[in-house]
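Working notes, beginning with the structure itself.
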Amino acid sequence: MIRVLLVHDACLLRLALAERLARETDLEVFHAPWSQAHGRQRTVRPDLCVVDLDDESTYALTPLTELTGPSAHGRGCRVLVLATADRPGQLRRAAESNALGYVNKASQPERLITGIRQVAAGQRFVDDSLGFGFLKAAQMPLTRRELSVLSLAARGASVAEIAHSLHLSNGTVRNYMAAITRKTGARNRIDAIRISQGEGWV
């Protein structure tokens, strides 16, 4: 039996997908929003986590590494990401967080089930349709930390709020924003957000 933890902030979609996966006789499915993902992982101890970053809240900016990193029971959770090719920023963050599987959200459910079984066995699984997204991700000039700062800024967070969320000083956040503005060729913070959203980085 493969224990799956499904992480998604949209309750209706999370419940519907969990119900579909639970029809498979070899899958035992649990689910949680991002705010409860790490705690749920500790109690459920799943074989893998299936995570959706497309509608992520600010919780998803750091706990992805909490899911994949070492935990109280010895190892991090294997992670399969639901993704789209037009969001290379998410693919980049997921890859740098050691996600093992990537399924295109436009795929049929059977594709996800195949990916779950393969990742649970410790094998990498990548939808061919995400190849262009990974190519764009490799060409991105921003680091994972810069992407995290920019993602929060794009949601309207202030420097102080970004610093609190990412456990940084205000000055460090300002330095990151200056680097982001320079690397994107933007005129200011607002322009950097506009450019990055157009490229699918945030």
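Its relative contact order, with pairs defined as Cα atoms under 8 Å and 6+ residues apart, puts the chain at 16 percent. Within the listed set Ala121, Ala94, Ala32, the Gaussian network model of the chain (springs between alpha-carbon atoms below 10 Å) gives the highest mean-square fluctuation for Ala121.
If you run the Gaussian network model on the chain, springs between alpha carbon atoms under 10 Å, then out of Leu27, Leu53, Leu100 the most flexible one is Leu27. Kirkwood radius for the chain, taken over all pairs of different Cα atoms as the inverse mean of 1/r, rounds to 17.4 Å.
Only Cα pairs within less than 10 Å get springs; with that Gaussian network setup on the chain, which residue of Gln90, Gln118, Gln139 has the largest fluctuation? Sorting by GNM fluctuation, first place goes to Gln139. Close amide H partners of Tyr102, meaning residues 5 or more places away or on another chain with modelled amide H under 5 Å apart, are Val81, Phe125, Val126, Asp127.
Counting only protein heavy atoms and a 1.4 Å probe, the chain has 47 square angstrom of accessible area per residue. Helices in the chain, meaning DSSP H runs of at least 4 residues, each add -39500 (n - 2.57). Divided by all residues, the mean residue ellipticity at 222 nm is -14500 deg cm²/dmol.
So, with a 1.4 angstrom probe, what is the percent of accessible area on the chain that is carbon and sulfur?
Solvent-exposed carbon and sulfur of the chain make up 50 percent of the total.
Distances between placed amide hydrogens fall under 5 Å for Phe30 paired with Val4, Leu5, Leu6, all partners being 5 or more residues away or on another chain.
Taking the range 1-46, which trypsin sites (Lys or Arg not before Pro) meet the DSSP loop condition and have no more than 13 other C-beta atoms within 10 Å?
Loop-located and lightly packed - Arg23.
The values are calculated or read from the model by the stated rules, or taken from the named source; none is laboratory data. Source: prediction; values computed, not measured. A quick note on method: Cβ atoms are made from the backbone with ideal geometry, for glycine too, and the neighbour counts reach across all protein chains shown. Accessible surface is based on the protein model in full, side chains and every heavy atom, while ligands, DNA and RNA are left aside. Shrake-Rupley method; radii C 1.70, N 1.55, O 1.52, S 1.80 Å.
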